[in-house]
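Below is one structure, written out as structure tokens; comments come after it.
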Amino acid sequence: MTYPVGLITADENLVAGSGQYGNMNTMYYLRKKTGYWSFSPGSLDSPYATVIVVGNSGGLLHNYPLEDSRNVAPVINLKAEYLDKLQGDGTI
């Protein structure tokens, strides 16, 4: 893949500030005010596969069937060699 773009994982969302599973932080930068898919599996216990989603309030929710309609939030992965070229402090 020339340009590495993918979906965020549940772990990455937690590190970004969503809070623990079931404990929603509504003030972190990945909260989109609309739900979106993660790349993390939820469960295989039911007759269909499920995934973890980020809910409208920003918290992680699991066991959403793959046939549900959701938005996506792309993640762009940077190579370590480019990190020294980034500027700013991460605020808007």
Looking at the range 57-86, I want the residues that are under 10 Å from residue 38 (Cβ atoms) and have a partner that is assigned to a strand (DSSP E or B) and among the polar types (S, T, N, Q) with Cβ atoms under 6 Å, at least 6 apart or on another chain. Which pairs are those?
64/50
Among the residues of the range 20-51, write down those that are open to solvent by 30 Å² or more (accessible area, probe 1.4 Å), touching a Gly at 6+ places or on another chain (Cβ under 7 Å) and outside any loop (DSSP other than H, G, I, E, B).
39
From the set of residues in the range 1-19 that are at pLDDT 85 or above and part of a loop (DSSP other than H, G, I, E, B), which is surrounded by the most Cβ atoms within 10 Å (Cβ to Cβ)?
8
Meets criteria (polar (S, T, N, Q), at pLDDT 80 or above and part of a loop (DSSP other than H, G, I, E, B)) for residue 87:
yes
So which residues in the range 53-72 are of a type outside the set (Ser, Thr, Tyr) and open to solvent by 30 Å² or more (accessible area, probe 1.4 Å)?
56, 61, 62, 63, 66, 67, 68, 70, 71, 72
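The values are calculated or read from the model by the stated rules, or taken from the named source; none is laboratory data. These figures come from a predicted structure and were not determined experimentally. Reconstructed Cβ throughout: ideal geometry from the backbone, glycine too, with neighbour counts over all protein chains shown. Surface areas here come from the heavy atoms of the whole protein model, side chains and all, with no ligands, DNA or RNA. Shrake-Rupley method; radii C 1.70, N 1.55, O 1.52, S 1.80 Å.
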